[in-house]
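For reference, the structure discussed in these notes is given below.
Values quoted throughout were computed directly from the atomic coordinates according to the rules given, and no laboratory measurement underlies them. These numbers were taken from a predicted model, which means no experiment stands behind them. Here Cβ is always computed from backbone atoms with ideal geometry, including for glycine, and neighbour counts include all displayed protein chains.
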Amino acid sequence: MGAVSYIQKISLYPKMANVEAAFKNLHQDLLDGCKVGDQRAQFQIYKLYYKAMYNTSLRIVTDTMEAEDVMQESFLAAFEKIDTYSGTVSFGAWLKKIVVNRSLDALNKRKAVFEDIESHAGIRDESPEESNRYEEIDVRVEAVKEAIEKLPDGYRVILSLYLLEGYDHDEIADILKINSSTSRSQLSRAKQKLIGELKRNENY
């Protein structure tokens, strides 16, 4: 199976997870408890979501201790403003948006990741020929994830948001405060960097 197939496979996971929206009231009793400050309900919600939220943060900040801090702060923030959760999306999706934003804030405290992102706004999306290049490399899903972690922050973040977290370009544009065409161009460049990293990987 080529790299593009693995990339597509990874990108399906969060999109499949969006089915959760159909079951957004599955733990409604716990969410109702959180709204009145029930600590037992908060702990149960924490147990249900902490691992996924930690992994989301870790893919962005790439530091285990920082990801742990971000995850903890995100839960505290979510419980403080849970009354603003409207239920139009799944609770998991709502919580993940908080985690992503706080992870990006943490990343930007270290350095300005996206200071030159707008300079790439005119770069075109990948051509069919470029897409075919992904099929030339046979890699495991984990190898793709490991390769993403080695990319520069800006590329890693946009690949993580698109492939691993399941956000579309409009959502990414909103999160990163850029336009959707910039998101597409940056993703195209990030994929090219990813392919280069995979080719250097002993396991491809």
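What the table below lists for this structure:
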{"quantity": "Segment residue 145-residue 36, length gained on full extension (0.36 nm per residue, minus Cα span)", "calculated": "35.3 nm"}
{"quantity": "Label-point gap, in nm, between residue 69 and residue 174 - each point 7 angstrom along Cα→Cβ", "calculated": "2.9"}
{"quantity": "Footprinting exposure proxy for 62, 84, 182, 56 (fewest neighbouring C-beta atoms within 10 Å first)", "calculated": "84, 62, 182, 56"}
{"quantity": "Out-of-range pairs (alpha-carbon distance over 27 Å; input 145/177; 35/96; 96/145; 96/199; 47/150; 47/81)", "calculated": "96/199; 47/150"}
{"quantity": "Area projected by the alpha carbon convex hull of region 14-110, averaged over all directions, nm²", "calculated": "6.0"}
